[in-house]
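Written out below as structure tokens is the structure these notes cover.
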């Protein structure tokens, strides 16, 4: 018994290592290209750190990166709260309604371009001033659907008797949620938030349409796609490397400070 | 729940209904809307060209989903088998590559796989002199690109249901004499089926709506539904037909998702509540 | 009756805005492709005129068009778009007429640039750059040198699998139309069907449709012959002198990128000043020297170094040579048929 489980464990470890290798292959390539002296992606012309220097002086790219981070964080926060509450609401309802199911699926299947044009037309019709805030509320639309799908997958096999027990012991709704429900669903909530953030920081078409007309609401994907016509310079590769390194550093630090936050 | 429903109603249902309603009107000569009621956009949907594109993209998205689910589920399982305090870090590392930019990552794949790319140069360094392998601009390349970009979402969707799987449950099953495969099929899979289903839906809907991967890794030689809808709204400036196409797509996807949700419900019914510890 | 939902809405939105307050005085906002004008153009404009401005970026004509149409202007004052898109915006009533009195530097343009078929007299658009589309190839790897559209569509054995075609509707179909001797704006359904069949057949002998990295494929040798815009071919020539550009014997299209002022702009005076600033001989020359696109500005082009033209021969094409080519025009209702043909070509296997 113990031997078989050791074998399974080893196989799982190898699988995970291969998956991570697959995920990081293009990252290694783009990191290498960030040190390529020439601007063309296909030919190595020598080692240089000039793209990092150029990046430091490129206010457009850096400003766009900050905007993207801001939109990602705020829309993730809102979508996580709304998506989790939606998942709890749906899964605790006695009768499942087809209309609500459809409403929750819809943001995932409506083509991006339809949502983008619809939101822009709608905001213009109501004369809503546009900016980063309109990108944020628009990203929340699809993000909350993804978060609620992840949390619902967890709640489908949730043992509601534990919350009843808490109530029986005199715990109010808030206490029960904070002390009993939330810790049990926290891994799903965190997974949903990671999913939402990842979708938001890479989203282009909805951001482009719902952004205001101004530099202060240009996001990184908008900036990078606009570079296609005259060449995407390796400054963008350098930025990707910096983003990844800073994220690793930040998360490692947070991990040190707050061990085991996820363990339910 | 009410705030979320209000959000979706105000910022999705109402705006999208206004745009989708354009499906009942005509494209003006210069791309505006001519407000006379017509069903011709819906009649156009029955052109075999569009059904063909739908079937092709459903097939491509379906294959990508199957591969992503198998790989992603295994990876999520492996993460839950790691020490508990390392799990959040592993989960984070699985999505981190995707905080770089889609376009840049895709270019990196092209640099690697093109006929004069790093893979070919590597082969030549080891004395290979034949024709360089054709890895890009094929359906396989599109599928690989979709698996690459969306598989981490399967990991995220499967992680939570797997992480709360009581290890004692699996052990009990084995103690009762069940083999590893039986334990997986009868105990682990039913309890985590909803996570698998959610992950599969993510990959499928994101793939079928994608319009950049077919253009770059597929060399534009393949069309997904995403390309077709994008072309109507932006290239042809034909919002009425784009709206009709989107309505058809939404309706078909709703039916597929409902069928899938029912099947998942049945498949996991036996395991409901069995594993909370 | 054709009415524009968007026009109606723009009126409503305008009424709502004026009901609250006067128009807010914001920066002049210019939407352009990234890298299409000098990095210091905005600072230079502000220094020269005292007007604040900012540049935002768009990735494609289609996207900025969609945004302007859906919002009725979207807060932009000046937009850079290719001429068929400027025509559509004008037909939808979204553009402000150009006031020549406020853009004195229009006098710097070649006379031909003020007589373009899409907008004679620069009534609603001011040309920023122009050129043509043709064959961009590795002269060291391709022999004999290609000279016809048929070399792209039915290539020699040596070029098979090493050809890319532009994937954007208008240019892809133009290659097919020109190969058969038709107009690039042909709207005859029978001709569109023929071209659809030709281009579908050509998929078997090509590498990929590529609008963005074809010159890079040429440099690496992944492709040997590509369908390219003249300016973009120059990026390949910059990396490898064996790369050449040729206009096919059947002729080609004339493309023109233009600057337009939005009717919804609250900064029209500044918008004209900005266009005037760009048309200054020295400022406009920047585009020719740095992005290697021909500009329709006589004063700018005459100051161009002969060395540049020697290195990039297509920079020396004269306005007379360009105007002999047929300009891409908006094709109205045929846009639907074009789009369907392109979808069919790309979906075929």
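The values are calculated or read from the model by the stated rules, or taken from the named source; none is laboratory data. Since the structure is predicted, the reported quantities are computational estimates derived from the model, not experimental observations. Neighbour counts run over all protein chains shown; Cβ positions are idealised from the backbone, glycine included.
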State whether the residues of the stretch B:127-141 include one that is in contact with a strand residue (DSSP E or B) (Cβ under 8 Å, 6 or more places away or on another chain) and over 22 Å from residue B:77 (Cα atoms). yes
So, of the residues in the stretch B:74-86 that are surrounded by fewer than 21 Cβ atoms within 10 Å (Cβ to Cβ) and facing another protein chain (nearest Cβ under 7 Å), which turns out to be nearest to the chain's Cα centre (by Cα)? B:74
Exactly one of these conditions fails for residue A:209: (1) over 29 Å from residue A:44 (Cα atoms); (2) assigned to a helix (DSSP H, G or I); (3) touching a residue at least 60 places away in the same chain (Cβ under 8 Å); (4) more than 7 Å from every other protein chain (Cβ to nearest Cβ). Give me its number. (4)
The residue that is surrounded by the fewest Cβ atoms within 10 Å (Cβ to Cβ), considering only those in the stretch A:193-206 that are within 14 Å of chain C (Cβ to nearest Cβ) and in a loop (DSSP other than H, G, I, E, B), is A:204
Sole exception among (1) more than 26 Å from residue C:315 (Cβ to Cβ); (2) within 14 Å of chain B (Cβ to nearest Cβ) for residue C:198, by number: (2)
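To keep it simple, each residue is scored yes or no on (1) exposed (fewer than 15 other Cβ atoms within 10 Å of the Cβ); (2) facing chain B (nearest Cβ under 7 Å); (3) out of contact with any helix residue (DSSP H, G or I) (no Cβ under 7 Å at 6 or more places or on another chain); (4) at pLDDT below 95.
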{"site": "A:2", "(1), (2), (3), (4)": "yes, no, yes, yes"}
{"site": "A:7", "(1), (2), (3), (4)": "yes, no, yes, yes"}
{"site": "A:14", "(1), (2), (3), (4)": "yes, no, yes, no"}
{"site": "A:26", "(1), (2), (3), (4)": "no, yes, no, yes"}
{"site": "A:31", "(1), (2), (3), (4)": "no, no, no, yes"}
{"site": "A:36", "(1), (2), (3), (4)": "no, no, yes, yes"}
{"site": "A:39", "(1), (2), (3), (4)": "no, no, yes, yes"}
{"site": "A:45", "(1), (2), (3), (4)": "yes, no, yes, yes"}
What residue, among those in the stretch A:143-188 that are facing chain B (nearest Cβ under 9 Å) and over 22 Å from residue A:79 (Cα atoms), is surrounded by the fewest Cβ atoms within 10 Å (Cβ to Cβ)? A:161
Being under 30 Å from residue A:8 (Cβ atoms), crowded, with 21+ Cβ neighbours inside 10 Å, more than 15 Å from the chain's Cα centre (by Cα) and more than 14 Å from chain C (Cβ to nearest Cβ) narrows it down to one residue among B:193, B:189, B:176; which is it? B:193
Name, by its number, the condition in (1) within 30 Å of residue A:100 (Cβ to Cβ); (2) buried (at least 19 other Cβ atoms within 10 Å of the Cβ) that does not hold for residue B:32. (1)
Restricting attention to the stretch A:214-245, which residues are within 7 Å of chain C (Cβ to nearest Cβ), in a loop (DSSP other than H, G, I, E, B) and either touching a helix residue (DSSP H, G or I) at 6+ places or on another chain (Cβ under 6 Å) or surrounded by 24 or more Cβ atoms within 10 Å (Cβ to Cβ) (or both)? A:218
Residue check for residue A:64: under 22 Å from residue C:68 (Cβ atoms), within 11 Å of chain B (Cβ to nearest Cβ) and assigned to a helix (DSSP H, G or I): yes
Tell me which helices (runs of 4 or more DSSP H) are completely within the stretch B:1-65 and hold 2 or more residues being more than 14 Å from chain A (Cβ to nearest Cβ), or say none if there are none. B:40-44
Of the residues that sit in the stretch A:90-101 and are surrounded by fewer than 16 Cβ atoms within 10 Å (Cβ to Cβ) and within 8 Å of another protein chain (Cβ to nearest Cβ), which one is farthest from residue B:200 (Cα to Cα)? A:98
Taking the stretch C:38-79, which residues are buried (at least 22 other Cβ atoms within 10 Å of the Cβ) and over 23 Å from residue C:90 (Cα atoms)? C:45, C:53
Here are some residues: B:115, B:124. Which one is in a helix (DSSP H, G or I), over 25 Å from the mean Cα position of the chain (by Cα) and under 28 Å from residue C:213 (Cα atoms)? B:124
Which condition breaks for residue B:210 when tested against (1) within 21 Å of the chain's Cα centre (by Cα); (2) part of a loop (DSSP other than H, G, I, E, B); (3) within 14 Å of chain C (Cβ to nearest Cβ)? (3)
Filter result (surrounded by fewer than 16 Cβ atoms within 10 Å (Cβ to Cβ) and at the interface with another protein chain (Cβ under 7 Å from one of its Cβ atoms)) within the stretch A:102-126: A:102
Looking across the stretch C:162-183 at residues that are out of contact with any helix residue (DSSP H, G or I) (no Cβ under 8 Å at 6 or more places or on another chain) and either outside any loop (DSSP other than H, G, I, E, B) or away from chain B (no Cβ under 12 Å) (or both), the single one that is surrounded by the most Cβ atoms within 10 Å (Cβ to Cβ) is C:174
What number of residues in the stretch C:213-256 are within 14 Å of chain A (Cβ to nearest Cβ), in a loop (DSSP other than H, G, I, E, B) and crowded, with 23+ Cβ neighbours inside 10 Å? 3
Give just the number: which of (1) more than 22 Å from the chain's Cα centre (by Cα); (2) at pLDDT 95 or above; (3) farther than 26 Å from residue C:73 by Cβ does residue C:270 not satisfy? (3)
Criterion first (surrounded by fewer than 20 Cβ atoms within 10 Å (Cβ to Cβ) and closer than 21 Å to residue C:137 by Cα) does residue C:205 satisfy it? yes
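Matching residues to (1) facing chain A (nearest Cβ under 10 Å); (2) in a helix (DSSP H, G or I):
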position: C:39; (1), (2): yes, no
position: C:51; (1), (2): no, no
position: C:67; (1), (2): yes, yes
position: C:76; (1), (2): yes, no
position: C:89; (1), (2): no, yes
Members of the stretch B:226-237 found to be crowded, with 24+ Cβ neighbours inside 10 Å and over 11 Å from residue A:113 (Cβ atoms), listed by number: B:237
With the condition kept exactly as written, say whether any residue in the stretch C:307-315 is in a loop (DSSP other than H, G, I, E, B), more than 20 Å from residue C:171 (Cα to Cα) and in contact (Cβ under 8 Å) with a residue 12 or more places away in the chain. yes
Could you list, ordered by first residue, the pairs with Cβ atoms under 8 Å in which the first is in the stretch B:243-266 and under 25 Å from residue C:70 (Cα atoms) and the second is loosely packed, with under 15 Cβ neighbours inside 10 Å, at least 6 apart or interchain? B:243/B:21
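Okay, residues lined up against (1) at pLDDT 95 or above; (2) closer than 18 Å to residue B:67 by Cβ:
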residue	(1), (2)
B:110	no, no
B:113	no, yes
B:120	no, no
B:128	no, no
B:133	no, no
B:145	yes, yes
B:149	yes, yes
Filter result for residue C:102 (surrounded by 20 or more Cβ atoms within 10 Å (Cβ to Cβ) and away from chain A (no Cβ under 14 Å)): no
